[in-house]
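Read through the structure below, which is laid out as structure tokens, and then see the notes.
The values are calculated or read from the model by the stated rules, or taken from the named source; none is laboratory data. None of the values given here were measured: they were computed from a predicted structure. Just so you know, the surface numbers come from the protein's heavy atoms only, side chains and all, with ligands and any DNA or RNA stripped out. Shrake-Rupley method; radii C 1.70, N 1.55, O 1.52, S 1.80 Å.
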Amino acid sequence: VLANKQDVETCLSIPDIKTAFSDCSSKIGRRDCLTQACSALTGKGVREGIEWMVKCVVRNVHRPPRQRDIT
């Protein structure tokens, strides 16, 4: 999750965002997850989030998703 608008004072904090998604943890299971603060306006955190995603794809390149992983 790239949490945009982190340059706005009234934005949700990363812990608050993680709490909002905590009900989904049973559906997420053992998948790699990251909640990254970012600001599209300043660019802060965007590169880090994209780099993390690229590392995950490279790490799993020989393990394509199965239908049960998608649903």
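Report, by residue number, each residue of segment 1-38 that is under 30 Å from residue 66 (Cα atoms) and of a type in the set (D, E, K, R). Result: 18, 23, 27, 30, 31, 32. Identification of helices (runs of 4 or more DSSP H) wholly contained in segment 7-71 with 2 or more residues that are open to solvent by less than 80 Å² (accessible area, probe 1.4 Å) and at pLDDT below 90 yields 25-28.
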